[in-house]
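To start, the structure itself, in structure tokens.
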Ligand SMILES: Nc1ncnc2c1ncn2[C@@H]1O[C@H](COP(=O)(O)OP(=O)(O)O)[C@@H](O)[C@H]1O
Ligand SMILES: [Mg+2]
């Protein structure tokens, strides 16, 4: 199996608060990994360290055989290979849907307008938003905005897509649409690292589940193992808490 990203001994503190403690983990090509855990356990910080929105304090992030935390490494190029989808969409509100999906391709990948537009439309079709290319974000529902945000990230044709609780800010009736698209992407072979509190998604769609607790990976494994026969007491506690809520 080919590792897309391998993380070794990653650590991150904010002041005296050690948020990530010696994290080791990897994502393989074509794999769908879901990260679950309580609020504050460090899930977003881990994702933000992977794409260098936060600078780790120590450890290594190995991508294509090189530690991208080495000073000499080209962080900018590395980041163009990662797609990121946030809870809060982060669309450009002054740009229409098509332009939102073109701007990164043109500015960062230097694609022509024609190529950027064709690529954007291809991925807007993937997420079922091709009828809205001239709409502005404010005219869209939350679920539609998130589908555009997914198309925008896909338009960069990244090696791996990172999702940070992509359905947490959505009205309940829109969650299903977004999860359905993410499931289709997973089935298409896309490599995905997904922070989620949607336990049924993690159980059904992921190849591997990582349970984080207080800055460490407390347990990881196949979803059947994590959900049916967790070995750690804190995994059992977490699951009984979140699964009885639904
Ligand atoms: N920029 C920051 N400055 C200070 N503390 C932060 C910052 N970002 C996150 N934290 C803290 O790090 C811990 C982990 O946060 P986070 O990674 O967002 O957890 P999760 O995504 O699992 O809810 C929390 O205690 C949070 O308050
Ligand atoms: Mg978070």
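Each value in this text was obtained by applying a stated rule to the coordinates, not by laboratory testing. All figures in this text were calculated on a predicted structure; none of them were measured in a lab. Note: ideal-geometry Cβ built from the backbone for every residue, glycine included; neighbour counts use all protein chains shown.
Worth a mention:
- Look at 60, 233 and count the other Cβ atoms within 10 Å of each Cβ; fewest to most, that gives 233, 60.
- Between helix 142-155 and the chain: long-axis angle, C-alpha atoms, 0 to 90°, nearest 10: 90 degrees
- A P(r) calculated from all alpha carbon pairs of the chain, with 5 Å bins opening at zero, reads 1, 6, 14, 17, 19, 17, 13, 8, 4, 1, 0 percent.
- Calculated FRET efficiency for the pair residue 173/residue 220, C-beta based, R₀ 51 Å, to 0.05: 0.95
- A straight chain from residue 11 to residue 122 at 0.36 nm per residue would run longer than the Cα-Cα distance by 36.1 nm.
- Helix 97-107 and the longest principal axis of the C-alpha atoms of the chain enclose an angle of approximately 80°.
- Computed from the C-beta positions of residue 76 and residue 24, the FRET efficiency with R₀ = 25 Å rounds to 0.45.
- When the chain is treated as a GNM with alpha-carbon contacts under 10 Å, the residue of 17, 222, 197 showing the greatest mean-square fluctuation is 17.
- The order of 152, 241, 236, going from fewest to most other C-beta atoms within 10 Å of their C-beta, is 241, 236, 152.
- Cα long-axis angle, helix 233-245 against the chain (0 to 90 degrees, to the nearest 10): 50 degrees
- Simple spin-label estimate for residue 134 and residue 232 in nanometres, 7 Å along Cα-Cβ: 5.3 nm
- In range of the label at residue 53: residues from segment 148-164 whose backbone nitrogen is under 12 Å from the point 7 Å along Cα→Cβ: 162-164
- Summed over qualifying helices (DSSP H, 4 residues or more, each -39500 (n - 2.57)) and divided by its residue number, the chain shows a 222 nm mean residue ellipticity of -11500 deg cm²/dmol.
- Euclidean distance of C-alpha centroids, segment 148-211 and segment 11-50, integer Å: 17 Å
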